[in-house]
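K.L.:
Structure in structure tokens, see below.
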Amino acid sequence: MNSAGSSRGMCGRCSRLGVAVVCTALAMPQAVAAQEPHAVPLRELVQEAEQRNPTIAASVHAWQASTHVPAQASALPGPELTVQQFSVGSPRPFAGFSDSNFAYLGIGASQDLPYPGKRRLRADVAARDADAAHAQSDAVGRAVVEALKLAYVQLAYLQQTLPILERNDQLLTQVQQIADSRYRVGEGNQQDVLKAQLQHTKILQEIADHHQQEGMLQAQLKQLLNRTQDTPDILAEPLSPTPIPFSAADIRQRARDQNPDLAARSAMVDRERAQIALAHKEFKPDFAVQYMYQHTASTFRDYYTGTFSVRLPNRDRQRAALAEAEERRQRAAQEEQAERQRVLADAQQQYVAIQGSNERLTIYHDGLMPQSAATLQAAMAAYSSNRQDFETLLSSFLDVLNVEIAYWRELADHESALARLERLTGGAQP
């Protein structure tokens, strides 16, 4: 007998029992019902978050602010202007100015001159800080996008499984009516009716949980998108498995090359190396030049003073600074290595989770779902001819419901693992 004929025969038995909707409930959810016209694609929400999320904007401003530090670090110290008045014979201003060639009014300028190479190294240290800030800003953006994707996937899961619960609740209501009818004519017992009522209540509880979780996800999504909470709720697109076009080795390489957290750690290692070079250079002396013009009374000649000074470093202090810089470099190197191991392990775990999820999705779609549907069909046929008890029928009904919900749960987990993997590899998979 072909499958079409079997379905028609089953519908005839179901109609005699008053459960014509059973066949609809047994249909395997290979695809969700036609997509609503107002479903928002995830990529549009990602673009909106990247443009409007205040956390991302704040991290970008922090990075941009750090890009102005190297120019400050490499600049010469500000020149110093001096106005000096020298009195003779009295503390009064300009005392002795007209009758002593020692009294004068002086104007001068001085400039500190760091040892050659120090300003360049200070700018290099600041530039490495800016690189780290850039990578950290990228990491913040990726974290926000990941949170958005995870919330969107969970929302899509809830919005797709809610109709399944409602449809099965309607079916269960009709099955309950059948059990009640059989009980009234003496072919069943009251326990069957009570079990159906209990399961009906459990499904209502799950529906209420769905509504609560969806409301919380809507609030989270609006926060990430910087929308007000009174804006319309978001309708997600139906979930579908997204393939990974890379091997495990490619994933690890992308994580090493593109992970923003790892890039920030690497920039900090470079920063500490530059700091060590600067600490070595700080053993060199700094210089200062000064020039002053001193005006006396018109009966005396003016003075002109030029000064060149050398500022010697405190070598004990600089040795301690060098030792500190070296320890900081070693710490940064170890933190980079730890971060690298964490990122690679996390990427491998997400890759393995996705591969395992692919296998489970195939088992659900090609095995468990049609098998549970066939089992329920057989249970309905046996129950209609009074060859099977109600508990077995209810068990078969729950198998269909649980397997269908588990399929979409597995699909949501698959897409969530992919979202985490995209953050670890520094971007969305092509």
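The values are calculated or read from the model by the stated rules, or taken from the named source; none is laboratory data. These numbers were taken from a predicted model, which means no experiment stands behind them. Positions of Cβ are generated from backbone atoms using ideal geometry, with glycine treated the same way; all protein chains shown enter the neighbour counts. Calculation scope for accessible area: heavy atoms of the full protein, side chains included, ligands and nucleic acids excluded. Shrake-Rupley method; radii C 1.70, N 1.55, O 1.52, S 1.80 Å.
K.L.:
Here is a list of conditions, (1) over 17 Å from residue 118 (Cβ atoms); (2) surrounded by fewer than 16 Cβ atoms within 10 Å (Cβ to Cβ); (3) in contact with a helix residue (DSSP H, G or I) (Cβ under 9 Å, 6 or more places away or on another chain), and residue 284 meets all of them except one; can you say which number that is?
P.N.:
(1)
K.L.:
Since residue 395 meets every condition but one in (1) without any contact (Cβ under 8 Å) to a residue 24 or more places away in the chain; (2) more than 45 Å from the chain's Cα centre (by Cα), which condition does it not meet?
P.N.:
Among (1) without any contact (Cβ under 8 Å) to a residue 24 or more places away in the chain; (2) more than 45 Å from the chain's Cα centre (by Cα), residue 395 violates only (2).
K.L.:
Those residues that are among the small types (Gly, Ala, Ser) and touching a residue at least 12 places away in the same chain (Cβ under 8 Å), I need them from region 241-272; list them, please.
P.N.:
Matches in region 241-272: 248, 255, 263, 264, 266, 267.
K.L.:
Can you pull out the residues in region 240-258 that are within 20 Å of the chain's Cα centre (by Cα) and part of a loop (DSSP other than H, G, I, E, B)?
P.N.:
If the condition is that a residue be within 20 Å of the chain's Cα centre (by Cα) and part of a loop (DSSP other than H, G, I, E, B), then 242, 244 are the ones that fit.
K.L.:
Pairs needed: first member in region 179-206, under 21 Å from residue 169 (Cβ atoms) and in a helix (DSSP H, G or I); second member anywhere, at pLDDT below 80 and among the polar types (S, T, N, Q); C-beta distance under 8 Å; at least 6 residues apart or different chains.
P.N.:
Qualifying pairs under 8 Å: 183/189; 183/190; 193/176; 196/176; 197/176; 200/173; 200/176.
K.L.:
Another question, if that's okay. I want to confirm something. Restricting to region 287-318 and keeping residues that are open to solvent by 100 Å² or more (accessible area, probe 1.4 Å) and without any contact (Cβ under 8 Å) to a residue 24 or more places away in the chain, which single residue is nearest to residue 116 (Cα to Cα)?
P.N.:
Restricting attention to region 287-318, the residues satisfying the condition of being open to solvent by 100 Å² or more (accessible area, probe 1.4 Å) are 291, 298-299, 301, 304, 308, 311-312, 315-317.
Filter once more, keeping what is without any contact (Cβ under 8 Å) to a residue 24 or more places away in the chain: 298, 304, 308, 316-317.
On the way: 298: 43, 304: 28, 308: 16, 316: 22, 317: 20 Å.
Only one residue fits best here, namely 308.
K.L.:
Right, here's the next one. If you take the residues of region 85-96 that are open to solvent by less than 60 Å² (accessible area, probe 1.4 Å) and touching a residue at least 12 places away in the same chain (Cβ under 8 Å), which of them is farthest from residue 281 (Cα to Cα)? I'd like the intermediate steps shown before the answer.
P.N.:
Our first condition is that a residue be open to solvent by less than 60 Å² (accessible area, probe 1.4 Å); within region 85-96, this holds for 87-88, 90, 95-96.
From what's left, touching a residue at least 12 places away in the same chain (Cβ under 8 Å): 87-88.
Working: 87: 43, 88: 45 Å.
So the residue we want is 88.
K.L.:
Something else now. Taking residue 99 and the conditions (1) without any contact (Cβ under 8 Å) to a residue 12 or more places away in the chain; (2) more than 27 Å from residue 267 (Cβ to Cβ), which numbered condition does it fall short on, given that it satisfies the others?
P.N.:
Here residue 99 meets the rest and fails (1).
Residue-by-condition table, conditions (1) surrounded by fewer than 14 Cβ atoms within 10 Å (Cβ to Cβ); (2) under 21 Å from the mean Cα position of the chain (by Cα); (3) under 26 Å from residue 155 (Cα atoms); (4) modelled with pLDDT of 90 or more:
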{"position": "230", "(1), (2), (3), (4)": "yes, no, yes, yes"}
{"position": "234", "(1), (2), (3), (4)": "no, yes, yes, yes"}
{"position": "260", "(1), (2), (3), (4)": "no, yes, no, yes"}
{"position": "270", "(1), (2), (3), (4)": "no, no, no, yes"}
{"position": "276", "(1), (2), (3), (4)": "no, no, no, yes"}
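K.L.:
If you scan region 109-124, which residues turn out to be surrounded by 21 or more Cβ atoms within 10 Å (Cβ to Cβ) and among the hydrophobic types (A, V, I, L, M, F, W, C)?
P.N.:
121
K.L.:
Being surrounded by 14 or more Cβ atoms within 10 Å (Cβ to Cβ) and either farther than 18 Å from residue 200 by Cα or aromatic (Phe, Trp, Tyr) (or both) is the filter here; which residues of region 381-396 pass it?
P.N.:
Correct list: 381, 382, 383, 384, 388, 389, 390.
Quick grid of which residues meet (1) of a type in the set (Asp, Glu); (2) open to solvent by less than 40 Å² (accessible area, probe 1.4 Å); (3) within 22 Å of residue 392 (Cα to Cα):
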residue	(1), (2), (3)
189	no, no, yes
196	no, yes, yes
203	no, yes, yes
207	no, yes, no
210	no, yes, no
227	no, no, no
238	no, no, no
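K.L.:
Name the residue, out of 377, 355, 341, 371, that is at pLDDT 95 or above and out of contact with any Ser or Thr (no Cβ under 7 Å at 6 or more places or on another chain). Talk me through it step by step, then tell me what you get.
P.N.:
Working: 377 fails: at pLDDT 95 or above; 355 fails: at pLDDT 95 or above; 371 fails: at pLDDT 95 or above.
So the residue among 377, 355, 341, 371 that is at pLDDT 95 or above and out of contact with any Ser or Thr (no Cβ under 7 Å at 6 or more places or on another chain) is 341.
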